[in-house]
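A quick write-up on the structure given underneath.
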Amino acid sequence: MSRKGGIIEDVSEVNLGMPTKSLSAAEPLAPRHKTRKIQVGSVAVGGDAPVSVQSMTTTLTSDVAATLQQIAELTAAGCDIIRVACPSADDAAALPEICKRSTIPVVADIHFQPKYVFQAIEAGCGAVRVNPGNIRSFDDQVREIARAATDHGTALRIGVNAGSLDKRLYEKFGGATAEALAESAMWEASLFEDVDFHDFAISVKHHNPVTMIRAYRLLAQHGDWPLHLGVTEAGPTFQGTIKSATAFGALLSEGIGDTIRVSLSAPPVEEVKVGLEILRSMGLRKRNFEIVSCPSCGRSQVDVCTLANEVTAGLKDITYPLRVAVMGCIVNGPGEAREADLGVASGNGKGQIFIKGKVIKTVPEAEIVPTLIAEANRLGQELGLETGEPQVSVAG
């Protein structure tokens with residue numbers, strides 16, 4: 001067996017073996033914070049229920065066909081619960097049809113007009129999000145809202161936002177601090193609990209991840225309310241993803257959080273993709289396809305960035321757990337090969353293809369991607385799963 005240009009030439013005896021313990025899914029860093037369980041339509045939130053992923057439609061809710069089409073797209077992407085805006089009478093009137101035809105629970109987002117809260121409850125929404133900071137005389141209607149929600153089996157979300165914090169609390173704390181957000185949410189929670197209504201979750205969103213993290217920690221210390229995590233106004237896709245991953249990662253690593261929404265200035269499907277990936281990275285969702293690839297560096301003898309992108313595109317339709325390693329040199333290649341289901345170590349115009357830690361063949365660089373696609377589909381067929389026919393364009 002010899003090495004040439006960083007790649008092993010004779011592969012007949014190369015067997016790196018697999019780890020004795022499966023690394024297909026990381027274990028959560030901490031036990032879940034104990035919260036009470038509520039039902040948002042068919043989806044349980046809190047308690048021992050899985051952390052759910054939410055998003056929000058961007059259509060006019062009054063446009064029933066467009067809203068249902070977007071809900072279908074989000075459902076296909078993995079969304080568990082969908083929120084729709086309800087700022088007008090036409091939007092409120094559309095809720096019954098949307099709730100009837102949506103395959104996932106619908107949450108109505110209510111601001112300013114308390115009458116829409118009652119209409120959303122009667123329409124069959126799985127939950128209603130209320131913002132106490134900007135609903136007129138909200139506290140005076142808690143009893144009636146709680147009674148209507150109880151009669152219809154509807155959950156509520158008390159959603160406190162930094163941008164719409166009650167002016168009294170803003171003045172008391174000198175701004176939308178973590179303490180101000182938490183106090184606002186706990187005050188509203190106490191009003192509902194005083195009338196024996198407990199089917200609600202709480203969110204305290206802020207654009208600053210540090211403030212947001214502190215606010216949720218305060219809530220976790222003071223009660224067992226199910227918590228909906230979110231960094232509000234997080235920004236465009238890149239910035240918003242970083243902010244959300246930072247905040248959610250910190251809280252989820254402490255067991256805090258029962259449902260999440262990634263807020264991006266981007267199509268809502270992107271929010272769902274990011275949210276699911278955050279949960280998978282934290283060991284809170286089963287992994288499907290995962291790619292492990294080298295960073296660009298001087299040791300690499302192949303364009304790893306292009307190769308990794310082509311492999312990712314070619315395997316994007318994989319729906320079963322598969323860890324694929326795309327390595328550009330021999331330094332980290334063997335170790336990653338040992339822990340990957342499928343992969344390649346590249347160099348000198350060639351690529352070693354390995355499966356379950358064993359190198360099975362060496363192929364020319366131009367054949368790496370189609371070979372990986374073929375082997376991935378074969379592995380899926382061995383598992384008796386439908387893998388589809390992903391297409392890939394290979395750079396010449």
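Restricting attention to region 338-355 and to residues that are charged (D, E, K, R) and closer than 17 Å to Val292 by Cβ, the residue that is surrounded by the most Cβ atoms within 10 Å (Cβ to Cβ) turns out to be Asp341. When restricted to residues that are under 34 Å from the mean Cα position of the chain (by Cα) and at pLDDT below 90, region 356-372 contains 3.
Filter region 162-185 for residues that are among the acidic types (Asp, Glu) and farther than 17 Å from Ile213 by Cβ; which is most open to solvent (accessible area, probe 1.4 Å)? Per the stated criteria, the residue is Glu171. Just to be sure before I move on: is Leu227 in contact (Cβ under 8 Å) with a residue 40 or more places away in the chain and either open to solvent by 30 Å² or more (accessible area, probe 1.4 Å) or of a type in the set (Phe, Trp, Tyr) (or both) in the structure I sent? For Leu227, the condition - in contact (Cβ under 8 Å) with a residue 40 or more places away in the chain and either open to solvent by 30 Å² or more (accessible area, probe 1.4 Å) or of a type in the set (Phe, Trp, Tyr) (or both) - is not met.
Is it the case that Ile256 is farther than 25 Å from Thr58 by Cα and surrounded by 17 or more Cβ atoms within 10 Å (Cβ to Cβ)? The answer is yes for Ile256. From the list Ser265, Ser300, the lone residue that is at pLDDT below 90, of a type in the set (S, T, N, Q) and either out of contact with any Phe, Trp or Tyr (no Cβ under 9 Å at 6 or more places or on another chain) or open to solvent by less than 30 Å² (accessible area, probe 1.4 Å) (or both) is Ser300. Restricted to region 192-214, and to residues there that are open to solvent by less than 30 Å² (accessible area, probe 1.4 Å) and more than 27 Å from the chain's Cα centre (by Cα), the residue that is modelled with the highest pLDDT is Phe197.
So for region 50-65 (the condition being farther than 18 Å from Gly257 by Cα, at pLDDT 95 or above, assigned to a helix (DSSP H, G or I) and not acidic (Asp, Glu)), does at least one residue qualify? Steps first, please.
Keep residues of region 50-65 that are farther than 18 Å from Gly257 by Cα, which gives 56-65.
Of the ones still in play, those that are also at pLDDT 95 or above are 56-65.
If we keep only those that are assigned to a helix (DSSP H, G or I) as well, we get 64-65.
Subsequent filtering for residues that are not acidic (Asp, Glu) retains 64-65.
Yes, that holds for at least one residue.
Among the residues of region 35-78, those identified as over 14 Å from Val269 (Cα atoms), open to solvent by 30 Å² or more (accessible area, probe 1.4 Å) and not hydrophobic (A, V, I, L, M, F, W, C) are Arg36, Lys37, Gln39, Gly41, Ser42, Asp48, Pro50, Ser62, Asp63.
The set of residues in region 212-224 that are under 23 Å from Glu193 (Cβ atoms) and in contact (Cβ under 8 Å) with a residue 24 or more places away in the chain comprises Ala215, Tyr216, Arg217, Leu218, Leu219, Ala220, His222, Gly223, Asp224. Within region 85-107, is there a residue that is of a type in the set (D, E, K, R) and in contact with a helix residue (DSSP H, G or I) (Cβ under 6 Å, 6 or more places away or on another chain)? Yes.
The helices (runs of 4 or more DSSP H) located wholly in region 209-325 include none with 3 or more residues which are in the same structural domain as Ile368 (by the TED database) and more than 30 Å from Leu379 (Cα to Cα). Output the residue which, of all residues in region 356-371 that are among the basic types (Lys, Arg) and assigned to a strand (DSSP E or B), is least open to solvent (accessible area, probe 1.4 Å). Ranking the candidates gives Lys361 first.
The values are calculated or read from the model by the stated rules, or taken from the named source; none is laboratory data. Quantities reported herein were computed from a predicted structural model and do not represent experimental measurements. Positions of Cβ are generated from backbone atoms using ideal geometry, with glycine treated the same way; all protein chains shown enter the neighbour counts. Just the protein is used for accessible areas: all its heavy atoms, side chains included, with ligands, DNA and RNA removed. Shrake-Rupley method; radii C 1.70, N 1.55, O 1.52, S 1.80 Å.
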